[in-house]
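**Student:** Just passing along the structure, written as structure tokens.
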Amino acid sequence: MVLAAIIIGVVWAAWHWVALVQADRSAEWIFWWTLWTVALRILMVWLYNTSGESVFGISAFHAMTNVSWQIYPVQGSYFDPEVAALVAGVVAVPIVVRTVLSPKSRQRRGR
């Protein structure tokens with residue numbers, strides 16, 4: 001699950017890089033936004049797996065994240081991807097640790 005989530009996150013972020021460059025975002029801004037995006041994909045994959053594979057759940061989560069940073073004035077001008085990445089990381093890291101250390105995960109890896 002974790003590897004898939006990270007791969008999805010990196011691909012998702014890369015998909016947006018051109019648009020972010022065209023929007024005159026700095027390399028630092030794009031770096032932190034990429035970390036935030038990868039952390040959110042980890043949360044989305046975890047949400048999908050723990051909600052009975054609910055596409056509606058992850059779609060609602062994705063919509064919520066888009067709306068929550070776009071509602072700030074000037075299309076997200078007050079959105080700080082560094083803070084967002086750190087907060088999302090604080091939530092995602094325990095999920096990763098729990099998933100990797102879970103007995104089910106060890107059984108799938110043959111341990």
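**Student:** Please tell me if T37 is of a type in the set (S, T, N, Q), crowded, with 18+ Cβ neighbours inside 10 Å and either out of contact with any helix residue (DSSP H, G or I) (no Cβ under 8 Å at 6 or more places or on another chain) or in a helix (DSSP H, G or I) (or both).
**Tutor:** Answer is yes for this residue.
**Student:** Oh, and also: Can you name the number of the only condition in (1) without any contact (Cβ under 8 Å) to a residue 40 or more places away in the chain; (2) more than 17 Å from E82 (Cβ to Cβ) that A13 fails?
**Tutor:** (2)
**Student:** Could you please find all residues in segment 13-34 being assigned to a helix (DSSP H, G or I) and buried (at least 16 other Cβ atoms within 10 Å of the Cβ)?
**Tutor:** Residues satisfying the conditions are A13, L20, W29, I30, W32, W33, T34.
**Student:** Identify all residues within segment 49-58 that are in a helix (DSSP H, G or I) and either within 22 Å of P81 (Cβ to Cβ) or acidic (D, E) (or both); write none if there are none.
**Tutor:** If the condition is that a residue be in a helix (DSSP H, G or I) and either within 22 Å of P81 (Cβ to Cβ) or acidic (D, E) (or both), then I58 is the only one that fits.
**Student:** Can you tell me how many residues in segment 92-109 are surrounded by 14 or more Cβ atoms within 10 Å (Cβ to Cβ) and either modelled with pLDDT of 80 or more or more than 24 Å from L3 (Cα to Cα) (or both)?
**Tutor:** 4
**Student:** Yes or no: L35 out of contact with any strand residue (DSSP E or B) (no Cβ under 9 Å at 6 or more places or on another chain), within 22 Å of T99 (Cα to Cα) and at pLDDT 95 or above?
**Tutor:** Considered against the rule, which asks whether it is out of contact with any strand residue (DSSP E or B) (no Cβ under 9 Å at 6 or more places or on another chain), within 22 Å of T99 (Cα to Cα) and at pLDDT 95 or above, L35 comes out as yes.
**Student:** Assigned to a helix (DSSP H, G or I), modelled with pLDDT of 90 or more, surrounded by 12 or more Cβ atoms within 10 Å (Cβ to Cβ) and of a type in the set (A, V, I, L, M, F, W, C) - does that describe any residue in segment 65-77?
**Tutor:** The answer is no; no qualifying residue exists.
The values are calculated or read from the model by the stated rules, or taken from the named source; none is laboratory data. Here the structure is a predicted model, which means the values were calculated and not measured. Cβ coordinates were reconstructed from backbone atoms using ideal geometry, including for glycine residues, and neighbour counts include every protein chain displayed.
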